[in-house]
Amino acid sequence: MNFIKGTIKASPFVGVFAALNEEILFVPYSVQEKEVKGIEAKLEVAVIRCSLANSSLIGVLGKTLGKKMAVPEIVENREIKELERNGIEVLKLKGVMALGNLVALNGNGGIASPLLQEKQVKELSDFFDVKIKQGRVAGSELVGAAVVVTNKGFIVHQGITELEHKSLEKLFKVKGGPTTANYGDRFIGNDIVANSKGAIVGEMTSPFEMMRIDEALTGD
């Protein structure tokens with residue numbers, strides 16, 4: 001896999017500002033060109049610059065799979081139209097704020113925070129066409145921040161229980177493992193964006209953490 005250590009908006013918390021799937025990397029308009037240079041080739045994606053709710057918090061606010069993105073209701077219509085002009089199908093979900101922190105999913109299934117209503121989870125499941133169950137990860141309701149998953153593997157908060165881990169493997173239909181990133185952050189969704197070809201990892205991530213991330217995302 002191709003791993004790129006770096007920053008987005010000069011921050012090692014790349015998962016806060018970016019969202020990545022098998023086809024597209026979403027980044028803020030203000031991202032530095034050097035931060036995305038070479039990513040298209042290494043991760044085999046297109047780069048789309050955008051904003052959500054007049055902010056750069058793409059990874060916190062949005063959840064994406066393929067050419068679809070679910071966003072909270074505070075996202076402006078002009079921002080949705082811009083995404084649609086780039087070929088993205090958009091779902092605006094009412095009553096939700098930091099959607100990216102509340103959902104983790106791949107092409108096989110997903111987990112949603114208990115903070116979401118059942119009807120919101122159903123909307124997401126129908127929109128992304130995957131089965132999504134509600135639950136906690138490592139006791140946290142911020143499941144989108146506690147898990148990074150691709151179609152090959154997943155990494156997860158170090159506090160995960162054995163039962164939670166088995167449940168995630170069943171949901172995602174891939175293997176994974178616990179780790180930290182950016183020198184100790186357990187909420188690895190803040191620090192990493194990934195697809196099955198590789199990942200962008202916060203520049204503060206240690207060599208040991210990189211090894212654990214590689215093993216887990218490879219699905220070994």
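Enter the accessible area of residue 157 (Å², nearest 10), with the probe set to 1.4 Å and all protein chains included.
Surface open to solvent at residue 157 totals about 20 Å².
Between 78, 49, 136, which gets the highest mean-square fluctuation from a Gaussian network model of the chain, Cα cutoff 10 Å?
78
Identify which of 200, 88, 132 has the largest mean-square fluctuation in a Gaussian network model of the chain, with springs joining Cα atoms closer than 10 Å.
Maximum fluctuation in the GNM of the chain, among the listed residues, is at 88.
Given a 1.4 Å probe and every protein chain left where it sits, what share in percent of the accessible area of the stretch 96-220 is carbon and sulfur?
Using a 1.4 Å probe with all protein chains present, the stretch 96-220 comes out at 51 percent carbon and sulfur.
Add -39500 (n - 2.57) for each DSSP H run of 4 or more in the chain, then divide by its residues: what number comes out at 222 nm, to the nearest 500 deg cm²/dmol?
-7500 deg cm²/dmol
Set Lys and Arg Cβ to +1 and Asp and Glu Cβ to -1, take the dipole of the chain about its Cα centre, and tell me which of 105, 213, 200 lies farthest positive.
105
Please get the size of the charge dipole for the stretch 124-220, origin at its Cα centre, with Cβ charges of +1 on Lys and Arg and -1 on Asp and Glu, quoted in debye to the nearest 20.
For the stretch 124-220, the charge dipole is close to 340 debye.
For residue 47, list long-range residues whose amide hydrogen, built 1.01 Å from N in the peptide plane, is under 5 Å from its own amide hydrogen.
Amide H neighbours of residue 47: 25.
So, in Å, what gap is there between the alpha-carbon centers of the stretch 140-194 and the stretch 1-67?
19 Å
To one decimal place, what Kirkwood hydrodynamic radius in Å is obtained for the chain from all pairs of distinct Cα atoms?
Taking the inverse mean of 1/r over all distinct Cα pairs, the chain comes out at 16.7 Å.
What are the ³J(HN,Hα) values, in whole Hz, obtained from phi via the Karplus relation 6.51 cos²θ - 1.76 cosθ + 1.60 with θ = phi - 60°, for each residue of the stretch 175-180 in sequence order, with x given for Gly and Pro?
Result, rounded to whole Hz: 8, x, x, x, 6, 10.
Given Cβ point charges of +1 (Lys, Arg) and -1 (Asp, Glu) and nothing else, what value in debye, to the nearest 20, does the dipole of the chain about its Cα centre take?
240 debye
Using a Gaussian network model of the chain whose springs link C-alpha atoms within less than 10 Å, name the residue from 173, 34, 63 with the highest mean-square fluctuation.
Of the options given, 34 has the highest mean-square fluctuation.
Quote the relative contact order of the stretch 15-83 in percent (integer), defining contacts as alpha-carbon pairs under 8 Å separated by 6+ residues.
Normalised by residue count, the contact order of the stretch 15-83 is 36 percent.
Using DSSP, restrict attention to beta bridges with both residues in the chain and report what percent are antiparallel, rounded to the nearest 5.
In the chain, approximately 45 percent of DSSP beta bridges are antiparallel ones.
When ligands, DNA and RNA are left out and all protein chains stay put, how many square angstrom of accessible area per residue does the chain have with a 1.4 Å probe?
On a per-residue basis, the chain sits at 44 Å².
Keeping the other protein chains in place, figure out the carbon and sulfur percent of the accessible area of the stretch 16-89, with a 1.4 Å probe.
48 percent
Any idea what the relative contact order of the stretch 1-131 is, in percent, if you count C-alpha pairs under 8 Å spaced at least 6 apart?
18 percent
Counting only C-alpha contacts under 8 Å and six or more residues apart, can you give the relative contact order of the chain as a whole percent?
Rounded, it is 22 percent for the chain.
The values are calculated or read from the model by the stated rules, or taken from the named source; none is laboratory data. On a predicted model such as this, the values are computed, not experimentally measured, just so you know. Using ideal geometry, Cβ is built from the backbone for each residue, glycine included, and neighbour counts are taken over all protein chains shown. The area values use the complete protein model at the heavy-atom level, side chains included, leaving out ligands, DNA and RNA. Shrake-Rupley method; radii C 1.70, N 1.55, O 1.52, S 1.80 Å.
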